[in-house]
Amino acid sequence: MVDFPGRFSPRRFYTPIEELEIEDFPGFAGRRSKAALTLTVLWGTTVVLHLVSWGSWLVLGLTALLTTHALRILWGRPLLPPPPLPSVAPESLQVADAIAADRALTIASSPGETWPYVSLLVAAKNEETVIEPLVAALCQLDYPACRYEVWIIDDNSTDGTNQRLQALTSRYPQLRVLRRAAGASGGKSGALNQVWPNTKGEIIGVFDADARVPKQLLRHLVPLFDRAEVGAVQLQKSVVNRAKNLWTRGQQAEMALDSYFQQQRISLGGIGELRGNGQFVRRAALAQCGGWNEETITDDLDLTLRLHFGGWEIQFLLQPAVGEEGVERPLALWHQRNRWAEGGYQRYLDYWRLIAQHRLTPAKTFDMAAFWIIQYGLPTVALPDFVMAVLRHRLPLFLPLSSLALTLSMIGMFCGLRRTRQQAVWVSAVQTLWGNLYMLHWLVVIATMAMRLSVRPKRLRWVKTIHLGSEDDFQIDLP
């Protein structure tokens, strides 16, 4: 019998969820007021720094500090993932090594004693073009069928999604289907919250309806939960229709950049983040966080912070990757990125007090602050910085920080492409150049989002991304 001693042992120390409630700035209730105050402070500080003689020195000092942190990130050495669990696929039992064959047969014959139970969740609405291949992939993983379940939450679809799901239930015994009533609240978060308390898994995984799930995924993923402090794992995401046009090629380069910095930041004790599709959460950690937050438009980023506040670690699995469709049209990309930017910005507004109170470790607090400056701070102050530079006939004050951000993006994207794609160096270099040109849209997205969030009342609205069921080839490259 194969034994996994110590796996899924309960945590003894954690932050009670009652202490993770959203706090307001003194005298500023609601996200709009906090966003307006933040924008006023950032713009006002930018103007003041242009007017004082020591403003440029302050920016240079901040640049030097962040450069030191950037060098540490670039030199970081991610830990190698633990060995995957043995395969239980029938073809894998035909091996030459007698010991390996006996081990595989033992595992296949006694899964109840050796394999943790996993629950896989998918919230789907009007996904008839992609739901059948997704269910087929999830129900045929190289993992004992009696040790995992698949839940599809049909969010009152009006197309043929429900009919297709009902037909699939007779084919796959581990498939469970729940149809939500019309008018059910909470969007994706509400759908997941309605189901996860009824699941049996020690590990709960979440996929989008357009996910391409490799057969060997769970065998590589489950060992990462051996360490008791690991509360969640995020998979690398790959764009399956990357060859469609320049927009999808840019998104593939963007995913490679994100994968690289996820690994590097985690290696230094920084923040690991969930990305929605391909996120796996330990049941005890999710219960501590009270499930998914239904009052945010990016539940994955919100859960990320709640897990870290609770003392959990989030790991990243580079291979195998989970595939998803890239957005093929500029307008759809604009709407999607605005939602991502707003959700990421909201979590700083929601949890500012806990961050300021150092509820994270010093390494995580500094890492989060550094990336906030680069991801949100610089784009937000770009407009007043440019206006003041024109009025005073000088270069933009934050040019050194912007140069650092561009350098980091270039290096990180190139290294990320080299890690995630098996291709020639010159191909990665060309993709890096286009990827960084493509990434410039984030400057406009974040700058306009920060202003819009400050003046316009926000209503929670979950906007569905249309999935086309791309037939592009999706290759999983294993190390």
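Within the range 433-454, can one find any residue that is at pLDDT below 90, closer than 23 Å to Gln263 by Cα and either touching a helix residue (DSSP H, G or I) at 6+ places or on another chain (Cβ under 8 Å) or of a type in the set (Lys, Arg) (or both)? So far as the range 433-454 goes, no, none of its residues is at pLDDT below 90, closer than 23 Å to Gln263 by Cα and either touching a helix residue (DSSP H, G or I) at 6+ places or on another chain (Cβ under 8 Å) or of a type in the set (Lys, Arg) (or both).
Whenever a residue of the range 349-365 is not assigned by TED's automatic domain parsing to the domain that holds Gly311, its partners that are surrounded by 13 or more Cβ atoms within 10 Å (Cβ to Cβ) and basic (Lys, Arg), lying with C-beta atoms within less than 8 angstrom and at least six residues away or across chains, give the pairs Leu349/Arg31; Leu349/Lys34; Asp350/Arg31; Trp352/Lys34.
Kindly indicate whether Glu325 is under 24 Å from Val445 (Cβ atoms) and either in contact with a strand residue (DSSP E or B) (Cβ under 8 Å, 6 or more places away or on another chain) or among the hydroxyl-bearing types (Ser, Thr, Tyr) (or both). Taking the combined requirement at face value, the residue satisfies it. In the range 147-163, of all residues being touching a helix residue (DSSP H, G or I) at 6+ places or on another chain (Cβ under 9 Å) and at pLDDT 90 or above, the one that is surrounded by the fewest Cβ atoms within 10 Å (Cβ to Cβ) corresponds to Arg147. When the range 168-180 is filtered for residues that are in a strand (DSSP E or B) and aliphatic (A, V, I, L, M), the ones remaining, listed by number, are Leu175, Val177, Leu178. Looking across the range 193-212 at every residue that is part of a helix (DSSP H, G or I) and either at pLDDT 95 or above or polar (S, T, N, Q) (or both), the one that is nearest to Val233 (Cα to Cα) is identified as Asn193. Of the residues making up the range 215-247, just one is within 18 Å of the chain's Cα centre (by Cα) and either among the acidic types (Asp, Glu) or part of a loop (DSSP other than H, G, I, E, B) (or both), namely Val240. Taken over the range 314-359, the criterion of being under 26 Å from Ala36 (Cα atoms) and of a type in the set (Asp, Glu) is satisfied by Glu342, Asp350. Scanning the range 342-366 for residues that are of a type in the set (S, T, N, Q) and within 13 Å of Arg31 (Cβ to Cβ) turns up just one, Gln346.
Whenever a residue of the range 178-200 is closer than 16 Å to Thr296 by Cα, its partners that are at pLDDT 85 or above and among the aromatic types (Phe, Trp, Tyr), lying with C-beta atoms within less than 8 angstrom and at least six residues away or across chains, give the pairs Lys188/Trp292; Ser189/Trp292; Leu192/Trp292; Asn193/Trp292. Just one of the listed residues (Arg164, Arg171, Arg180) is in contact with a strand residue (DSSP E or B) (Cβ under 9 Å, 6 or more places away or on another chain) and among the charged types (D, E, K, R), and it is Arg180.
Inclusion of Arg339 among residues that are in a helix (DSSP H, G or I), under 23 Å from the mean Cα position of the chain (by Cα) and among the basic types (Lys, Arg) is warranted. Just to verify a result, which residue in the range 389-417, among those that are crowded, with 21+ Cβ neighbours inside 10 Å and over 26 Å from the mean Cα position of the chain (by Cα), is nearest to Gly435 (Cα to Cα)? The residue in question is Phe398. Scan the range 351-381 for residues that are assigned to a helix (DSSP H, G or I) and either of a type in the set (Phe, Trp, Tyr) or modelled with pLDDT of 90 or more (or both) and the total you get is 21. Scanning the range 181-192 for residues that are surrounded by fewer than 21 Cβ atoms within 10 Å (Cβ to Cβ) and either part of a helix (DSSP H, G or I) or among the hydroxyl-bearing types (Ser, Thr, Tyr) (or both) turns up Ser185, Gly190. In the set (1) within 22 Å of Ala89 (Cα to Cα); (2) surrounded by 18 or more Cβ atoms within 10 Å (Cβ to Cβ); (3) among the charged types (D, E, K, R), Arg171 fails one condition alone, (2). Taking the residues in the range 277-333 that are over 26 Å from Gln264 (Cα atoms), in a loop (DSSP other than H, G, I, E, B) and among the hydrophobic types (A, V, I, L, M, F, W, C) as candidates, determine which candidate is modelled with the lowest pLDDT. So, considering only residues that are over 26 Å from Gln264 (Cα atoms), in a loop (DSSP other than H, G, I, E, B) and among the hydrophobic types (A, V, I, L, M, F, W, C), the one modelled with the lowest pLDDT is Ile297.
Scanning the range 329-346 finds one or more residues that are of a type in the set (Ser, Thr, Tyr) and crowded, with 21+ Cβ neighbours inside 10 Å.
Within the range 151-175, being of a type outside the set (Gly, Ala, Ser) and in contact with a Lys or Arg (Cβ under 7 Å, 6 or more places away or on another chain) holds for Trp151, Ile153, Asp154, Asp155, Asn156, Asn162.
From the set of residues in the range 259-276 that are touching a residue at least 60 places away in the same chain (Cβ under 8 Å) and not in a helix (DSSP H, G or I), which is surrounded by the fewest Cβ atoms within 10 Å (Cβ to Cβ)? Residue satisfying both the conditions and the ranking: Gly269.
The values are calculated or read from the model by the stated rules, or taken from the named source; none is laboratory data. As the structure is a computational prediction, the values presented were derived from the model and not from experiment. Here Cβ is always computed from backbone atoms with ideal geometry, including for glycine, and neighbour counts include all displayed protein chains.
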